[in-house]
2 protein chains.
Amino acid sequence: MHLTKEDIQSLEQLTRVKIINSITGIKPANLIGTRSNQGVSNLAIFSSVVHLGSNPALIGFVMRPHRDTPRHTFNNIMSEKYYTINHIHPTFIENAHATSARYSEDISEFDACKLTEEYLDDFAAPYVGESQIKMGLEYKMTLDIPLNGTSLLVGEIQHLYLPENVNFEQEMNLEAMDSVGISGLNSYYKLTKLDEFPYARVAKT
Amino acid sequence: MHLTKEDIQSLEQLTRVKIINSITGIKPANLIGTRSNQGVSNLAIFSSVVHLGSNPALIGFVMRPHRDTPRHTFNNIMSEKYYTINHIHPTFIENAHATSARYSEDISEFDACKLTEEYLDDFAAPYVGESQIKMGLEYKMTLDIPLNGTSLLVGEIQHLYLPENVNFEQEMNLEAMDSVGISGLNSYYKLTKLDEFPYARVAKT
(Lines give C-alpha, C1' and ligand atoms only; values in the text may rest on other atoms or scores of the structure.)
Protein backbone atom coordinates (compact mmCIF):
# COMPACT_ATOMS: atom_id res chain seq x y z
CA MET A 1 0.00 0.00 0.00
CA HIS A 2 1.41 3.38 -1.05
CA LEU A 3 0.45 6.73 0.47
CA THR A 4 1.86 9.97 -0.90
CA LYS A 5 2.32 13.15 1.12
CA GLU A 6 -0.99 14.37 -0.33
CA ASP A 7 -2.75 11.10 0.63
CA ILE A 8 -1.45 11.50 4.19
CA GLN A 9 -2.61 15.12 4.39
CA SER A 10 -6.10 14.20 3.19
CA LEU A 11 -6.59 11.46 5.81
CA GLU A 12 -9.05 12.10 8.59
CA GLN A 13 -7.06 13.63 11.47
CA LEU A 14 -7.37 10.76 13.94
CA THR A 15 -6.43 8.22 11.27
CA ARG A 16 -3.39 10.28 10.33
CA VAL A 17 -2.32 10.55 13.96
CA LYS A 18 -2.67 6.77 14.44
CA ILE A 19 -0.53 6.00 11.41
CA ILE A 20 2.18 8.63 11.73
CA ASN A 21 2.53 8.15 15.50
CA SER A 22 3.24 4.46 14.86
CA ILE A 23 5.40 4.73 11.78
CA THR A 24 8.80 5.13 13.40
CA GLY A 25 8.47 1.72 15.10
CA ILE A 26 8.66 0.89 18.77
CA LYS A 27 9.14 3.76 21.20
CA PRO A 28 10.42 3.74 24.78
CA ALA A 29 7.85 4.06 27.58
CA ASN A 30 8.89 6.55 30.23
CA LEU A 31 7.25 8.69 32.89
CA ILE A 32 8.61 12.21 33.45
CA GLY A 33 8.28 13.51 37.00
CA THR A 34 8.38 17.20 37.89
CA ARG A 35 7.23 19.66 40.57
CA SER A 36 5.64 23.05 40.04
CA ASN A 37 6.80 26.24 41.71
CA GLN A 38 3.67 25.80 43.89
CA GLY A 39 5.01 22.43 45.06
CA VAL A 40 2.48 20.30 43.15
CA SER A 41 4.05 17.18 41.68
CA ASN A 42 3.33 16.15 38.08
CA LEU A 43 3.80 12.91 36.20
CA ALA A 44 3.36 12.44 32.46
CA ILE A 45 4.00 9.62 30.01
CA PHE A 46 6.36 10.29 27.09
CA SER A 47 7.31 8.01 24.21
CA SER A 48 9.86 10.35 22.64
CA VAL A 49 12.81 10.07 25.03
CA VAL A 50 16.02 9.79 23.01
CA HIS A 51 19.68 9.24 23.86
CA LEU A 52 21.83 12.15 22.65
CA GLY A 53 25.27 11.28 23.98
CA SER A 54 27.12 9.50 26.77
CA ASN A 55 29.84 12.02 27.74
CA PRO A 56 28.24 14.13 29.06
CA ALA A 57 25.19 11.88 29.50
CA LEU A 58 22.56 13.86 27.57
CA ILE A 59 18.95 12.80 27.09
CA GLY A 60 16.32 14.54 24.96
CA PHE A 61 12.56 14.32 24.63
CA VAL A 62 10.03 15.94 22.34
CA MET A 63 7.54 18.39 23.81
CA ARG A 64 4.37 19.08 21.84
CA PRO A 65 3.52 22.73 21.07
CA HIS A 66 3.39 24.64 24.34
CA ARG A 67 2.66 28.19 23.23
CA ASP A 68 -1.11 27.85 23.05
CA THR A 69 -1.71 24.79 25.23
CA PRO A 70 -0.35 24.77 28.78
CA ARG A 71 2.04 21.86 29.31
CA HIS A 72 2.63 21.23 33.00
CA THR A 73 5.79 19.21 32.40
CA PHE A 74 7.27 21.99 30.27
CA ASN A 75 6.32 24.77 32.68
CA ASN A 76 7.68 22.86 35.67
CA ILE A 77 11.01 22.11 33.98
CA MET A 78 11.37 25.75 32.92
CA SER A 79 10.74 27.03 36.43
CA GLU A 80 12.42 24.32 38.53
CA LYS A 81 15.17 23.01 36.13
CA TYR A 82 15.07 19.43 37.46
CA TYR A 83 13.06 16.40 36.36
CA THR A 84 13.11 12.63 36.44
CA ILE A 85 12.70 9.97 33.75
CA ASN A 86 11.39 6.59 34.92
CA HIS A 87 10.93 3.32 33.00
CA ILE A 88 7.48 1.77 32.78
CA HIS A 89 6.92 -1.92 33.57
CA PRO A 90 3.99 -4.22 32.71
CA THR A 91 2.61 -4.12 36.26
CA PHE A 92 1.69 -0.45 35.94
CA ILE A 93 1.11 0.29 32.24
CA GLU A 94 -2.53 1.20 32.89
CA ASN A 95 -1.56 3.64 35.68
CA ALA A 96 1.16 5.11 33.47
CA HIS A 97 -1.25 5.48 30.55
CA ALA A 98 -3.75 7.29 32.78
CA THR A 99 -1.23 10.13 33.34
CA SER A 100 -1.95 11.28 29.77
CA ALA A 101 -5.38 12.57 30.79
CA ARG A 102 -5.64 16.34 31.23
CA TYR A 103 -5.60 16.79 34.97
CA SER A 104 -5.72 20.35 36.24
CA GLU A 105 -2.45 21.75 37.53
CA ASP A 106 -3.40 21.46 41.20
CA ILE A 107 -3.79 17.67 40.86
CA SER A 108 -0.80 15.34 41.20
CA GLU A 109 -0.92 12.45 38.72
CA PHE A 110 0.98 10.40 41.33
CA ASP A 111 -2.16 10.52 43.48
CA ALA A 112 -4.71 10.43 40.67
CA CYS A 113 -3.05 7.47 38.92
CA LYS A 114 -1.89 5.62 42.06
CA LEU A 115 1.86 5.68 41.54
CA THR A 116 4.38 6.20 44.34
CA GLU A 117 5.99 9.65 44.58
CA GLU A 118 9.56 9.09 45.73
CA TYR A 119 12.28 11.60 46.64
CA LEU A 120 15.92 10.40 46.60
CA ASP A 121 19.24 11.96 47.62
CA ASP A 122 17.82 15.48 48.05
CA PHE A 123 16.89 15.73 44.36
CA ALA A 124 14.16 18.32 43.78
CA ALA A 125 11.98 16.29 41.38
CA PRO A 126 9.94 13.18 42.23
CA TYR A 127 10.80 9.68 40.99
CA VAL A 128 8.35 6.84 40.42
CA GLY A 129 8.80 4.34 43.25
CA GLU A 130 7.62 1.45 41.06
CA SER A 131 10.30 2.00 38.36
CA GLN A 132 13.39 -0.19 38.30
CA ILE A 133 15.38 2.27 36.17
CA LYS A 134 15.16 5.97 36.89
CA MET A 135 17.27 9.01 36.32
CA GLY A 136 17.34 12.53 37.69
CA LEU A 137 18.14 15.22 35.12
CA GLU A 138 19.14 18.84 35.06
CA TYR A 139 17.59 20.87 32.22
CA LYS A 140 20.16 22.19 29.75
CA MET A 141 18.48 23.64 26.66
CA THR A 142 15.48 23.69 24.33
CA LEU A 143 15.71 23.31 20.57
CA ASP A 144 12.59 24.68 18.89
CA ILE A 145 11.31 23.04 15.73
CA PRO A 146 9.63 25.95 13.94
CA LEU A 147 8.03 23.65 11.33
CA ASN A 148 5.32 22.57 13.78
CA GLY A 149 5.92 24.28 17.14
CA THR A 150 7.35 21.22 18.90
CA SER A 151 10.59 21.36 20.88
CA LEU A 152 13.38 19.02 21.86
CA LEU A 153 14.21 19.46 25.55
CA VAL A 154 17.73 18.43 26.49
CA GLY A 155 18.92 17.50 29.98
CA GLU A 156 21.98 15.96 31.60
CA ILE A 157 21.80 12.95 33.90
CA GLN A 158 22.69 13.87 37.49
CA HIS A 159 21.58 10.63 39.17
CA LEU A 160 21.00 7.14 37.88
CA TYR A 161 19.24 4.35 39.79
CA LEU A 162 19.55 0.78 38.54
CA PRO A 163 18.71 -2.66 39.90
CA GLU A 164 21.50 -4.19 41.99
CA ASN A 165 22.03 -7.07 39.55
CA VAL A 166 23.03 -4.94 36.52
CA ASN A 167 26.12 -6.32 34.80
CA PHE A 168 28.22 -3.38 33.64
CA GLU A 169 30.10 -5.58 31.16
CA GLN A 170 26.99 -6.01 29.02
CA GLU A 171 24.34 -3.81 27.53
CA MET A 172 21.34 -3.62 29.79
CA ASN A 173 18.93 -6.47 29.23
CA LEU A 174 15.57 -4.76 28.82
CA GLU A 175 13.78 -8.12 28.85
CA ALA A 176 15.24 -8.95 32.28
CA MET A 177 14.47 -5.37 33.43
CA ASP A 178 10.88 -5.86 32.24
CA SER A 179 10.82 -2.50 30.46
CA VAL A 180 8.04 -1.90 27.96
CA GLY A 181 7.66 -0.14 24.62
CA ILE A 182 4.87 1.95 23.11
CA SER A 183 3.44 2.15 19.62
CA GLY A 184 1.33 5.13 18.66
CA LEU A 185 -0.35 6.63 21.71
CA ASN A 186 -2.14 3.70 23.26
CA SER A 187 -0.44 0.34 22.57
CA TYR A 188 2.05 -1.29 24.94
CA TYR A 189 4.55 -4.03 24.11
CA LYS A 190 6.82 -6.30 26.10
CA LEU A 191 10.31 -7.08 24.88
CA THR A 192 12.02 -10.40 24.19
CA LYS A 193 15.72 -10.35 23.43
CA LEU A 194 16.46 -11.89 20.03
CA ASP A 195 20.22 -11.59 19.76
CA GLU A 196 23.27 -9.47 20.51
CA PHE A 197 26.05 -8.94 17.97
CA PRO A 198 29.62 -7.71 18.37
CA TYR A 199 30.50 -4.24 17.14
CA ALA A 200 30.39 -4.44 13.35
CA ARG A 201 33.72 -4.09 11.56
CA VAL A 202 34.60 -4.18 7.88
CA ALA A 203 36.15 -7.59 7.13
CA LYS A 204 39.86 -7.45 6.32
CA THR A 205 40.59 -9.17 3.00
CA MET B 1 22.38 0.89 42.77
CA HIS B 2 22.98 4.64 42.62
CA LEU B 3 25.39 6.41 40.25
CA THR B 4 25.92 10.16 40.43
CA LYS B 5 26.98 12.33 37.51
CA GLU B 6 30.55 12.08 38.79
CA ASP B 7 30.33 8.27 39.02
CA ILE B 8 29.11 8.16 35.42
CA GLN B 9 31.92 10.43 34.24
CA SER B 10 34.56 8.29 35.94
CA LEU B 11 33.37 5.04 34.34
CA GLU B 12 35.57 3.46 31.71
CA GLN B 13 34.39 4.83 28.34
CA LEU B 14 32.99 1.60 26.89
CA THR B 15 31.12 0.84 30.11
CA ARG B 16 29.64 4.34 30.14
CA VAL B 17 28.54 4.00 26.51
CA LYS B 18 26.89 0.64 27.22
CA ILE B 19 24.92 1.99 30.16
CA ILE B 20 23.91 5.40 28.82
CA ASN B 21 23.05 4.05 25.36
CA SER B 22 20.61 1.62 27.02
CA ILE B 23 19.17 3.87 29.69
CA THR B 24 16.31 5.42 27.73
CA GLY B 25 14.73 1.99 27.19
CA ILE B 26 13.82 0.31 23.94
CA LYS B 27 14.66 2.13 20.71
CA PRO B 28 13.25 1.69 17.21
CA ALA B 29 15.38 -0.22 14.69
CA ASN B 30 15.52 1.51 11.32
CA LEU B 31 17.79 1.60 8.28
CA ILE B 32 18.35 4.95 6.58
CA GLY B 33 18.99 4.77 2.82
CA THR B 34 20.71 7.53 0.85
CA ARG B 35 22.70 8.11 -2.36
CA SER B 36 25.83 10.21 -2.73
CA ASN B 37 26.31 12.87 -5.40
CA GLN B 38 28.56 10.26 -7.05
CA GLY B 39 25.61 7.85 -7.27
CA VAL B 40 26.87 5.45 -4.58
CA SER B 41 24.08 4.17 -2.36
CA ASN B 42 24.48 4.07 1.40
CA LEU B 43 22.59 2.25 4.13
CA ALA B 44 23.06 2.78 7.87
CA ILE B 45 21.30 1.58 11.01
CA PHE B 46 19.86 4.21 13.37
CA SER B 47 18.13 3.72 16.72
CA SER B 48 17.27 7.38 17.29
CA VAL B 49 14.39 7.92 14.86
CA VAL B 50 11.66 9.94 16.59
CA HIS B 51 8.17 11.09 15.63
CA LEU B 52 7.91 14.91 15.72
CA GLY B 53 4.40 15.52 14.44
CA SER B 54 1.67 14.19 12.17
CA ASN B 55 0.54 17.30 10.26
CA PRO B 56 2.87 17.79 8.49
CA ALA B 57 4.32 14.30 9.02
CA LEU B 58 7.73 15.14 10.48
CA ILE B 59 10.33 12.61 11.56
CA GLY B 60 13.66 13.33 13.28
CA PHE B 61 16.80 11.33 13.97
CA VAL B 62 19.98 12.06 15.88
CA MET B 63 23.23 12.32 13.94
CA ARG B 64 26.46 11.88 15.86
CA PRO B 65 29.12 14.61 15.56
CA HIS B 66 29.91 15.11 11.89
CA ARG B 67 32.43 17.95 11.93
CA ASP B 68 35.52 15.81 12.50
CA THR B 69 34.29 12.37 11.41
CA PRO B 70 32.82 11.98 7.92
CA ARG B 71 29.24 10.66 8.10
CA HIS B 72 28.10 9.35 4.75
CA THR B 73 24.41 9.50 5.67
CA PHE B 74 24.73 13.14 6.72
CA ASN B 75 26.75 14.16 3.67
CA ASN B 76 24.36 12.42 1.30
CA ILE B 77 21.27 14.02 2.84
CA MET B 78 22.89 17.46 2.73
CA SER B 79 23.77 17.11 -0.96
CA GLU B 80 20.77 15.12 -2.27
CA LYS B 81 17.98 16.18 0.18
CA TYR B 82 16.11 12.85 0.03
CA TYR B 83 16.41 9.73 2.16
CA THR B 84 14.44 6.68 3.23
CA ILE B 85 13.67 5.14 6.63
CA ASN B 86 12.99 1.40 6.65
CA HIS B 87 11.88 -0.90 9.50
CA ILE B 88 14.09 -3.83 10.48
CA HIS B 89 12.63 -7.32 10.89
CA PRO B 90 14.05 -10.40 12.66
CA THR B 91 14.99 -12.10 9.37
CA PHE B 92 17.67 -9.50 8.63
CA ILE B 93 18.83 -8.08 11.95
CA GLU B 94 22.38 -9.39 11.37
CA ASN B 95 22.55 -7.78 7.91
CA ALA B 96 21.15 -4.54 9.32
CA HIS B 97 23.64 -4.57 12.20
CA ALA B 98 26.53 -5.05 9.73
CA THR B 99 25.74 -1.66 8.14
CA SER B 100 27.25 -0.02 11.24
CA ALA B 101 30.77 -1.03 10.17
CA ARG B 102 32.86 1.75 8.62
CA TYR B 103 32.72 0.99 4.92
CA SER B 104 34.53 3.42 2.64
CA GLU B 105 32.32 5.83 0.72
CA ASP B 106 32.67 3.98 -2.59
CA ILE B 107 31.12 0.83 -1.09
CA SER B 108 27.34 0.37 -0.95
CA GLU B 109 26.19 -1.27 2.28
CA PHE B 110 23.30 -2.75 0.28
CA ASP B 111 25.86 -4.91 -1.54
CA ALA B 112 28.25 -5.43 1.36
CA CYS B 113 25.48 -6.43 3.80
CA LYS B 114 23.27 -8.28 1.29
CA LEU B 115 20.13 -6.18 1.43
CA THR B 116 18.00 -5.33 -1.59
CA GLU B 117 18.34 -1.79 -2.99
CA GLU B 118 14.90 -0.79 -4.22
CA TYR B 119 13.75 2.35 -6.07
CA LEU B 120 10.04 3.21 -5.98
CA ASP B 121 7.90 5.85 -7.69
CA ASP B 122 10.86 7.84 -9.06
CA PHE B 123 12.09 8.70 -5.54
CA ALA B 124 15.79 9.57 -5.56
CA ALA B 125 16.84 7.57 -2.48
CA PRO B 126 16.94 3.77 -2.18
CA TYR B 127 14.54 1.75 -0.01
CA VAL B 128 15.26 -1.62 1.62
CA GLY B 129 13.37 -4.26 -0.35
CA GLU B 130 13.08 -6.53 2.69
CA SER B 131 11.31 -3.90 4.86
CA GLN B 132 7.56 -4.08 5.32
CA ILE B 133 7.26 -0.44 6.43
CA LYS B 134 9.26 2.21 4.64
CA MET B 135 9.05 5.92 4.09
CA GLY B 136 10.65 8.38 1.70
CA LEU B 137 11.55 11.73 3.27
CA GLU B 138 12.54 15.17 2.14
CA TYR B 139 15.15 16.87 4.33
CA LYS B 140 13.82 19.99 6.08
CA MET B 141 16.25 21.23 8.73
CA THR B 142 19.04 20.46 11.16
CA LEU B 143 18.99 21.42 14.83
CA ASP B 144 22.50 21.45 16.27
CA ILE B 145 23.03 20.44 19.87
CA PRO B 146 26.10 22.48 20.83
CA LEU B 147 26.53 20.60 24.14
CA ASN B 148 28.11 17.62 22.35
CA GLY B 149 28.18 18.28 18.62
CA THR B 150 25.26 16.01 17.75
CA SER B 151 22.37 17.16 15.57
CA LEU B 152 18.70 16.39 15.10
CA LEU B 153 17.89 16.05 11.40
CA VAL B 154 14.27 16.71 10.52
CA GLY B 155 12.49 15.50 7.39
CA GLU B 156 8.95 15.32 6.06
CA ILE B 157 7.38 12.10 4.80
CA GLN B 158 6.76 12.21 1.04
CA HIS B 159 5.92 8.54 0.51
CA LEU B 160 4.77 5.81 2.85
CA TYR B 161 4.70 2.09 2.03
CA LEU B 162 2.73 -0.24 4.30
CA PRO B 163 1.59 -3.86 4.12
CA GLU B 164 -1.76 -4.31 2.35
CA ASN B 165 -3.44 -5.63 5.51
CA VAL B 166 -2.97 -2.48 7.65
CA ASN B 167 -6.17 -1.50 9.44
CA PHE B 168 -6.38 2.28 9.48
CA GLU B 169 -8.91 2.20 12.33
CA GLN B 170 -6.28 0.92 14.75
CA GLU B 171 -2.76 1.80 15.72
CA MET B 172 -0.28 -0.24 13.76
CA ASN B 173 0.38 -3.61 15.37
CA LEU B 174 4.17 -3.80 15.53
CA GLU B 175 4.00 -7.41 16.66
CA ALA B 176 2.04 -8.38 13.53
CA MET B 177 4.42 -6.24 11.42
CA ASP B 178 7.34 -8.09 13.01
CA SER B 179 9.24 -4.88 13.69
CA VAL B 180 12.16 -5.04 16.12
CA GLY B 181 13.67 -2.80 18.78
CA ILE B 182 17.25 -2.08 19.82
CA SER B 183 18.86 -1.57 23.19
CA GLY B 184 22.28 0.05 23.39
CA LEU B 185 24.21 -0.51 20.17
CA ASN B 186 24.13 -4.26 19.73
CA SER B 187 21.04 -5.90 21.26
CA TYR B 188 17.86 -6.67 19.30
CA TYR B 189 14.39 -7.37 20.71
CA LYS B 190 11.14 -8.64 19.32
CA LEU B 191 7.83 -7.14 20.41
CA THR B 192 4.76 -8.73 21.93
CA LYS B 193 1.68 -6.58 22.32
CA LEU B 194 0.56 -6.43 25.95
CA ASP B 195 -2.50 -4.20 25.78
CA GLU B 196 -4.11 -1.18 24.18
CA PHE B 197 -6.01 1.43 26.18
CA PRO B 198 -8.48 4.11 25.14
CA TYR B 199 -7.39 7.74 25.17
CA ALA B 200 -7.05 8.65 28.82
CA ARG B 201 -9.58 11.17 30.14
CA VAL B 202 -10.09 12.66 33.57
CA ALA B 203 -13.05 10.92 35.19
CA LYS B 204 -16.10 13.14 35.62
CA THR B 205 -17.30 13.13 39.22
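Among the residues of region B:51-90, those identified as within 9 Å of chain A (Cβ to nearest Cβ), part of a loop (DSSP other than H, G, I, E, B) and touching a residue at least 40 places away in the same chain (Cβ under 8 Å) are B:Pro56, B:Arg64, B:Pro65, B:Ile88. Restricting region A:143-169 to residues that are more than 7 Å from every other protein chain (Cβ to nearest Cβ) and free of Cβ contacts under 8 Å to residues at least 24 places away in the same chain, the residue that is farthest from the chain's Cα centre (by Cα) is A:Glu169.
Does A:Ile93 satisfy being within 7 Å of another protein chain (Cβ to nearest Cβ), surrounded by 22 or more Cβ atoms within 10 Å (Cβ to Cβ) and among the β-branched types (Val, Ile, Thr)?
Details: within 7 Å of another protein chain (Cβ to nearest Cβ): yes; surrounded by 22 or more Cβ atoms within 10 Å (Cβ to Cβ): no; among the β-branched types (Val, Ile, Thr): yes.
For A:Ile93, the condition - within 7 Å of another protein chain (Cβ to nearest Cβ), surrounded by 22 or more Cβ atoms within 10 Å (Cβ to Cβ) and among the β-branched types (Val, Ile, Thr) - is not met.
In region B:160-181, what residues are out of contact with any Phe, Trp or Tyr (no Cβ under 6 Å at 6 or more places or on another chain) and either part of a strand (DSSP E or B) or among the hydroxyl-bearing types (Ser, Thr, Tyr) (or both)? If the condition is that a residue be out of contact with any Phe, Trp or Tyr (no Cβ under 6 Å at 6 or more places or on another chain) and either part of a strand (DSSP E or B) or among the hydroxyl-bearing types (Ser, Thr, Tyr) (or both), then B:Leu160, B:Tyr161, B:Ser179 are the ones that fit. Quick one: is A:Ile93 touching a Leu at 6+ places or on another chain (Cβ under 8 Å), within 26 Å of B:Lys5 (Cβ to Cβ) and touching a residue at least 60 places away in the same chain (Cβ under 8 Å)? No; evaluated as a whole, the condition is false for this residue.
The conditions are (1) modelled with pLDDT of 95 or more; (2) in a loop (DSSP other than H, G, I, E, B); (3) out of contact with any strand residue (DSSP E or B) (no Cβ under 8 Å at 6 or more places or on another chain), and A:Gln132 fails exactly one of them. Which is it? Of (1) modelled with pLDDT of 95 or more; (2) in a loop (DSSP other than H, G, I, E, B); (3) out of contact with any strand residue (DSSP E or B) (no Cβ under 8 Å at 6 or more places or on another chain), only one is false for A:Gln132: (3). Within region A:5-38, if we keep just the residues that are under 22 Å from the mean Cα position of the chain (by Cα) and small (Gly, Ala, Ser), the residue that is surrounded by the most Cβ atoms within 10 Å (Cβ to Cβ) turns out to be A:Gly33. Annotation note: Cβ proximity below 7 Å between a residue of region B:185-203 that is within 21 Å of B:His87 (Cα to Cα) and touching a residue at least 12 places away in the same chain (Cβ under 8 Å) and a residue that is surrounded by 19 or more Cβ atoms within 10 Å (Cβ to Cβ) and of a type in the set (S, T, N, Q) (sequence gap 6+ or interchain) occurs for B:Leu185/B:Asn21; B:Tyr189/B:Ser183; B:Leu191/B:Ser179; B:Lys193/A:Ser187; B:Lys193/B:Asn173.
Is it the case that A:Leu120 is more than 14 Å from the chain's Cα centre (by Cα), modelled with pLDDT of 95 or more, over 24 Å from A:Arg102 (Cα atoms) and facing chain B (nearest Cβ under 7 Å)? In short, no.
Filtering region A:1-40 to residues that are of a type in the set (Lys, Arg) and closer than 24 Å to B:Ser48 by Cα leaves A:Lys5, A:Arg16, A:Lys18, A:Lys27.
Residues in region A:182-192 that are assigned to a strand (DSSP E or B) and either within 7 Å of another protein chain (Cβ to nearest Cβ) or farther than 30 Å from B:Gly149 by Cβ (or both): A:Ser183, A:Ser187, A:Tyr188, A:Tyr189, A:Lys190, A:Leu191, A:Thr192.
Run down A:Met141, A:Met172 and say which single residue is in contact with a helix residue (DSSP H, G or I) (Cβ under 8 Å, 6 or more places away or on another chain) and either hydrophobic (A, V, I, L, M, F, W, C) or within 16 Å of B:Ile26 (Cα to Cα) (or both).
A:Met172
On inspection, B:Ala124 qualifies as in a loop (DSSP other than H, G, I, E, B), over 24 Å from A:Pro146 (Cβ atoms), touching a Phe, Trp or Tyr at 6+ places or on another chain (Cβ under 7 Å) and not polar (S, T, N, Q).
Among the residues here, A:Asp111 does not qualify as part of a strand (DSSP E or B) and at pLDDT 95 or above. One residue stands out in region A:178-205 among those that are at pLDDT 95 or above and β-branched (Val, Ile, Thr): the one that is farthest from B:Val50 (Cα to Cα), namely A:Thr192. Residues that are at the interface with chain A (Cβ under 9 Å from one of its Cβ atoms) number at least 2 in the following strands (runs of 3 or more DSSP E) confined to region B:1-46: B:2-4. A:Ala176 fulfils the conditions (1) crowded, with 22+ Cβ neighbours inside 10 Å; (2) closer than 23 Å to B:Ile182 by Cβ except for a single criterion, (1). Residues that are among the basic types (Lys, Arg), touching a strand residue (DSSP E or B) at 6+ places or on another chain (Cβ under 9 Å) and surrounded by fewer than 23 Cβ atoms within 10 Å (Cβ to Cβ) occur at least once in region A:58-68.
The values are calculated or read from the model by the stated rules, or taken from the named source; none is laboratory data. Nothing here was measured: the structure is a model prediction, and the numbers come from that model. Because the Cβ atoms are built from the backbone with ideal geometry, glycine has one as well, and the counts that use them run over all protein chains shown.
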